[in-house]
Every structure is written in structure tokens, then in C-alpha cells.
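Report on the following structure.
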Amino acid sequence: MSEYQEIQAQIAELQRRADAIRASERSEAIKNIKSLMAMFEISPAELSRHAAAPPRVQIDKTKTHVSKVAPKYRDTAGNEWSGRGLQPRWLRAALANGASLQSFLIS
């Protein structure tokens, strides 16, 4: 038997032992949980209720308020842009056709 095969056999044996130990410890853990549930009179429904309810996070709504910015640019069709963020399509198209940004400035 090659060294590789010996190591693979050892891995398989260790995995079988680990599975057996886990099953044994798991059953002991279940016994402990049941004992604690009986001691404190906790029902399975109570556990599922507490596990299902996500923690409540209080949101400060004063910080989430976004105010509008007055428009800075307008075209003849009534499209407006505040000058913040990406340029809108109507403005990009007009600039591509040779118009200047100053010509759309609201005075």
C-alpha cells in the first residue's frame, strides 16, 4: 500500500470516529437543552418565536430626509437638472450636438 493510500485510509477512519463522537455529543447536548427547557418551562413555540423575530432597529427618520435641490439648468422643453450627479440624457444629447452648457443655465 502506498503512502498516499495509507493517509487516505487514516483520513477515512478519523472521519468515521469524528462522526461517531459528534453524534454522541449531539445527543448529550439535546438532553441538556431539554433539561433546561423543562427547568425554565420553555416551550418549543417560545423558542421559534424568539428565533424568528429579527432584532428591531430604530431608524432616525430625521437623518433620512433628503431635500430637493433647485434646478440649475433647463432646456426649452422644460427638462431640468440641478447640476448634481450624472448629466441627463437630454443635456448630453444637446451638448453632443454642439450646444454649450452655459446656454441652459437658469438665470
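If you take the square roots of the eigenvalues of the alpha-carbon gyration tensor of the chain and sort them as a ≥ b ≥ c, do you get rounded (a/c under 1.5), prolate (a/b over b/c) or oblate?
oblate
Could you work out how far apart the two model spin labels at Ile11 and Leu86 are, taking each label as a point 7 Å from the Cα in the direction of the beta carbon, and quote it in nm?
4.9
Only Lys, Arg, Asp and Glu count, each charged at its Cβ (+1, +1, -1, -1), so figure out the dipole size of segment 3-52 about its Cα centre, rounded to 20 debye.
260
To the nearest 500 deg cm²/dmol, what mean residue ellipticity at 222 nm is calculated for the chain from DSSP H runs of n ≥ 4 alone, each contributing -39,500 (n - 2.57), summed and divided by the residues?
It lands at -17500 deg cm²/dmol.
Could you give me the ³J(HN,Hα) list for segment 23-31, computed from phi with Karplus coefficients 6.51, -1.76, 1.60 and θ = phi - 60°, whole Hz, x at Gly and Pro?
The phi angles translate into 4, 5, 5, 5, 5, 5, 5, 4, 4 Hz.
Could you compute the longest span of the chain free of trypsin sites (Lys or Arg not before Pro) located in DSSP loops and having at most 15 other Cβ atoms within 10 Å, not counting the site residues?
Longest run free of exposed loop sites: 1-55.
Every read-out reported here was derived from the displayed coordinates using simple, explicitly stated rules and does not represent laboratory data. Since this is a predicted model, take the numbers as computed values, not measurements. Quick reminder, even Gly has a Cβ in these numbers, built from the backbone with ideal geometry, and neighbours come from all protein chains shown.
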